[in-house]
1. Of all residues being part of a loop (DSSP other than H, G, I, E, B) and of a type in the set (Lys, Arg) in the stretch 376-423, which is modelled with the lowest pLDDT? Just the residue, please.
2. For the stretch 392-423, enumerate the residues that are in contact (Cβ under 8 Å) with a residue 40 or more places away in the chain, under 26 Å from residue 479 (Cα atoms) and of a type in the set (Gly, Ala, Ser).
3. So how many residues does the stretch 86-113 have that are part of a strand (DSSP E or B), modelled with pLDDT of 95 or more and not charged (D, E, K, R)?
4. Name the pairs: first residue in the stretch 353-365 and surrounded by 15 or more Cβ atoms within 10 Å (Cβ to Cβ), second residue of a type in the set (D, E, K, R) and assigned to a helix (DSSP H, G or I), Cβ to Cβ under 8 Å, at least 6 apart or on different chains?
5. Scan the stretch 296-351 for residues that are farther than 30 Å from residue 112 by Cβ and part of a loop (DSSP other than H, G, I, E, B) and report the count.
6. I want to confirm something. Restricting to the stretch 271-294 and keeping residues that are open to solvent by less than 60 Å² (accessible area, probe 1.4 Å), within 19 Å of the chain's Cα centre (by Cα) and not aromatic (Phe, Trp, Tyr), which single residue is nearest to residue 354 (Cα to Cα)?
7. Sort out which residues of the stretch 65-82 are part of a loop (DSSP other than H, G, I, E, B) and in contact with a strand residue (DSSP E or B) (Cβ under 8 Å, 6 or more places away or on another chain), and write them in order of number.
8. For the subset of the stretch 128-176 comprising residues that are in contact (Cβ under 8 Å) with a residue 24 or more places away in the chain and among the basic types (Lys, Arg), which member is nearest to residue 289 (Cα to Cα)?
Amino acid sequence: MEFNDVKETAGVADVLVVGAGPTGLALALDLARHGVRALVVERSAALFPGSRGKGIQPRTQEVFDDLGVLDALRAKGGTYPVGMVWKDGRRLGEHRMFDEVPATEAEPYAGSALMVPQWRTQEILHARLVELGGGVAFGRELTGLAQDADGVTASFADGAPVRARYAVAADGGRSVVRRALGIGMTGESVDPAPALVADVRVTGLDRDNWHFFPPADATPGGGMRGDFLGICPLPHTEDFQLAAGYADPSAEPDLTLAGIRKLVATRTHLAEDDVTEVRWASDFRPRAALADRFRQGRVFLAGDAAHVHSPAGGQGLNTSVQDAYNLAWKLAAVLRGDAPAALLDSYEEERRPVAAQMLGLSTGVHRGEVRRGAATQQLGLGYRGSPLAVETRTDLPGDALRAGDRAPDGTRGGVRLFDAFRGPHWTLLTVGTDAGVPELPGVRTVRIPAYEAYGTGVFLVRPDGYVGWAGASAAELAPYAPLVGLAVRGF
């Protein structure tokens with residue numbers, strides 16, 4: 001794919017995004033929808049080439065639906081194949097990686113994650129960013145970041161400095177920006193032994209199954225511990241993703257073709273020559289770590305720069321993309337002058353607890369203590385404790401939808417809610433009531449009959465698909481609106 005790179009880095013931007021991974025691309029894409037000038041800088045000469053984060057969870061599919069890339073991802077992705085357990089060259093039987101979670105009208109993408117190699121997800125996000133007029137400045141290695149009361153100034157190993165009103169560190173777990181800011185990370189080793197992940201070409205295995213070769217003393221579902229090896233076909237490619245764990249903490253994975261061939265021959269029934277190519281490989285020691293802060297002044301941390309996960313359970317990329325989705329609309333509202341700068345405080349208040357929760361989940365899956373199921377799909381996450389979640393109704397049943405919850409999908413009165421929500425706007429949704437609503441400039445007003453996923457009431461849905469305010473009528477909406485950059489008229 002040819003990239004429409006930013007050939008000449010502009011000296012001024014509204015937001016400087018450091019890192020062109022899924023987090024940075026999703027953030028810049030969403031900012032572009034809001035009319036914000038975002039510049040993405042990436043120290044590498046091209047997008048990341050590996051399959052590492054291959055699972056797109058149902059909640060992230062909803063985000064990508066809104067961002068206009070889900071159809072492209074589905075066309076190039078696929079469902080997770082059924083696991084096949086091998087021993088001594090014989091198939092022992094199937095292993096189901098995921099607990100079955102049926103899709104519903106309110107949760108249309110529930111089920112297993114969508115499998116798309118990370119490199120392809122990034123290509124699709126990049127193409128959409130370019131379509132919206134944005135791009136990436138490749139080969140721009142950040143060497144310094146200074147901030148003052150009005151903005152930030154970034155310097156680079158090559159090329160002119162960049163001045164921006166805000167900056168976002170989306171530059172990964174070894175974030176240069178986070179270290180420059182002096183923000184620490186608190187965490188734990190998930191597994192003292194190393195792990196390896198690689199994209200390989202292999203003969204002798206079918207592409208209908210995810211092939212598991214557990215160590216002799218392990219059982220399927222026991223996580224990624226010990227001398228585990230799995231080989232998973234990547235949809236719409238000729239590649240397999242190989243993942244291997246090591247029992248010996250002192251092991252040093254060999255990432256060469258010869259080393260990976262020897263690993264496969266030692267742990268499977270395949271011969272060394274059955275591995276015909278290694279297209280990308282990386283080793284790491286699984287850990288779970290959370291940044292002590294997600295913000296310092298005009299600089300925000302997002303994605304792996306803010307939280308580092310074990311790859312088990314497929315939470316890292318998904319949590320990262322949703323960081324971006326949470327932050328983009330808030331930055332846009334403040335940059336337009338619609339909302340007070342205090343709105344940006346809610347980013348850390350909302351996202352850091354979610355990241356901490358997902359870190360615990362990833363660690364549990366890695367250790368075989370938690371199954372992949374409803375929790376890993378991230379549909380139940382929300383922001384009920386946020387200052388932006390204002391619930392004015394009383395005496396609600398325990399299972400009722402409340403402010404701070406994800407706004408469900410569904411079709412009532414000829415209106416599909418996800419279609420109504422799609423876009424960078426707020427939505428004022430009236431469900432099963434004739435209550436009057438105010439005029440809110442830039443807000444889409446929708447009325448539907450009673451719907452069990454919502455109950456009845458008036459719901460102000462944020463641009464990122466969560467209920468910000470809820471009430472029996474809109475009478476108490478006026479104090480809330482200015483906090484998030486909305487103006488109320490005629491009420």
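The values are calculated or read from the model by the stated rules, or taken from the named source; none is laboratory data. Everything quoted here is computed from the prediction, not taken from an experiment. Glycine gets a Cβ as well: all are built from the backbone with ideal geometry, and neighbour counts include every protein chain shown. Quick note on the areas: whole protein, heavy atoms, side chains included, nothing else; ligands and nucleic acids left out. Shrake-Rupley method; radii C 1.70, N 1.55, O 1.52, S 1.80 Å.
1. It comes out as 393.
2. Hits for the stretch 392-423 are 400, 403, 404, 407, 423.
3. Matching residues across the stretch 86-113 total 1.
4. Listed pairs, sorted by first residue: 355/323.
5. Count: 7.
6. Among them, the one singled out is 290.
7. 77, 80, 81
8. 140
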